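Enquirer: Structure incoming, see below.
The values are calculated or read from the model by the stated rules, or taken from the named source; none is laboratory data. As the structure is a computational prediction, the values presented were derived from the model and not from experiment. Cβ placement follows ideal geometry from the backbone for every residue including glycine, while neighbour counts extend to all protein chains displayed.
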């Protein structure tokens, strides 16, 4: 099977980190196609960035589906554009936050998401509520910019570790969820260091996607995720006009 993994920001080096995490966990019969959005912000930190990341994300999912992808993963912990992508696509679309929370719920009663910026904490808390995990899951922010995770001169990884230690101590967390796709390469080291399950949403999403494809399941196409109604779109968004146009 072929799984499309879309980084909805425009930083290609982060896509490489995400792709490595996806390929390490994918089954031998799974091809991972990792792509970087062609438009939008360099990183997604808050509601404003998220809004402008959605068009590029939808373009990449449409292109990937046309090229034969069996499922798609949105590699941003905000589950950026997830509902719109599910309405647009016929293939299953998995968000890494939902996938990580679902996987962690199997193995721990109490767990904590450790994300990057404080401004990202509230949107993730809203997702935790949406996914029915509010009674079991806390959210912490290490207050580090997303792109600093790739800078060997920054103290971002130390601050992340400090926040994980605080979650284990103060939240009584039994497991840790990494709240950013750019943290995917840290998973194994953090498991060894802290001695608790550490869950990466990219890996969890790939395994969920493989399961859905193997079961022959896709997103329901009635109700909330019914195909968009045909209507006229104008200006810069005309390429997204439902049904009457094909996305380039």
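Enquirer: Within region 210-227, does at least one residue satisfy the condition of being touching a residue at least 40 places away in the same chain (Cβ under 8 Å), surrounded by 21 or more Cβ atoms within 10 Å (Cβ to Cβ), in contact with a strand residue (DSSP E or B) (Cβ under 6 Å, 6 or more places away or on another chain) and within 30 Å of residue 32 (Cβ to Cβ)?
Expert: No, because not a single residue in region 210-227 is touching a residue at least 40 places away in the same chain (Cβ under 8 Å), surrounded by 21 or more Cβ atoms within 10 Å (Cβ to Cβ), in contact with a strand residue (DSSP E or B) (Cβ under 6 Å, 6 or more places away or on another chain) and within 30 Å of residue 32 (Cβ to Cβ).
Enquirer: Within region 7-17, can one find any residue that is more than 28 Å from residue 118 (Cβ to Cβ), surrounded by fewer than 22 Cβ atoms within 10 Å (Cβ to Cβ) and in contact with a strand residue (DSSP E or B) (Cβ under 7 Å, 6 or more places away or on another chain)?
Expert: The answer is no; no qualifying residue exists.
Conditions tested, residue by residue: (1) within 20 Å of residue 124 (Cβ to Cβ); (2) in contact (Cβ under 8 Å) with a residue 12 or more places away in the chain.
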| position | (1), (2) |
| --- | --- |
| 167 | yes, yes |
| 188 | no, no |
| 199 | yes, yes |
| 206 | no, yes |
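Enquirer: Still on this structure, I have one more. Hey, among the residues in region 123-141 that are touching a helix residue (DSSP H, G or I) at 6+ places or on another chain (Cβ under 6 Å) and over 16 Å from residue 110 (Cα atoms), which one's surrounded by the fewest Cβ atoms within 10 Å (Cβ to Cβ)? So that I can check it myself, show each step before the final result.
Expert: From region 123-141, those touching a helix residue (DSSP H, G or I) at 6+ places or on another chain (Cβ under 6 Å) are 127, 131, 133-134, 137, 139-141; that's our starting set.
So of that shortlist, the ones also over 16 Å from residue 110 (Cα atoms) come out as 127, 141.
Details: 127: 22, 141: 19.
Applying the filter and picking the extreme gives 141.
Enquirer: Would you confirm, using the coordinates I've provided, whether residue 33 is surrounded by fewer than 24 Cβ atoms within 10 Å (Cβ to Cβ), in a helix (DSSP H, G or I) and at pLDDT 95 or above?
Expert: no
Enquirer: Inside region 1-27, can you point out the residues that are in a loop (DSSP other than H, G, I, E, B) and closer than 25 Å to residue 215 by Cα?
Expert: First, pick out the residues of region 1-27 that are in a loop (DSSP other than H, G, I, E, B): 1, 8-11, 26-27.
Of everything in region 1-27, those that are in a loop (DSSP other than H, G, I, E, B) and closer than 25 Å to residue 215 by Cα turn out to be 1, 26, 27.
Enquirer: Answer yes if at least one residue in region 101-114 is more than 24 Å from residue 14 (Cα to Cα), in contact (Cβ under 8 Å) with a residue 40 or more places away in the chain, surrounded by 13 or more Cβ atoms within 10 Å (Cβ to Cβ) and touching a strand residue (DSSP E or B) at 6+ places or on another chain (Cβ under 7 Å), and no otherwise.
Expert: The answer is yes; a qualifying residue exists.
Enquirer: Out of all the residues in region 37-53, which are without any contact (Cβ under 8 Å) to a residue 60 or more places away in the chain and either in a loop (DSSP other than H, G, I, E, B) or crowded, with 21+ Cβ neighbours inside 10 Å (or both)?
Expert: 37, 38, 39, 40, 41, 49, 53
Enquirer: If you check residue 103 against the conditions, is it assigned to a helix (DSSP H, G or I), modelled with pLDDT of 95 or more, under 15 Å from the mean Cα position of the chain (by Cα) and in the same structural domain as residue 177 (by TED's automatic domain parsing)?
Expert: yes
Enquirer: Hey, any hits in region 106-122 for a residue that's in a helix (DSSP H, G or I), closer than 18 Å to residue 201 by Cβ and touching a helix residue (DSSP H, G or I) at 6+ places or on another chain (Cβ under 7 Å)?
Expert: no
Residues checked against (1) at pLDDT below 95; (2) farther than 29 Å from residue 28 by Cβ; (3) not in a loop (DSSP other than H, G, I, E, B):
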{"residue": "158", "(1), (2), (3)": "yes, yes, yes"}
{"residue": "176", "(1), (2), (3)": "no, no, yes"}
{"residue": "185", "(1), (2), (3)": "yes, no, yes"}
{"residue": "202", "(1), (2), (3)": "no, no, yes"}
{"residue": "207", "(1), (2), (3)": "no, no, yes"}
{"residue": "211", "(1), (2), (3)": "no, no, yes"}
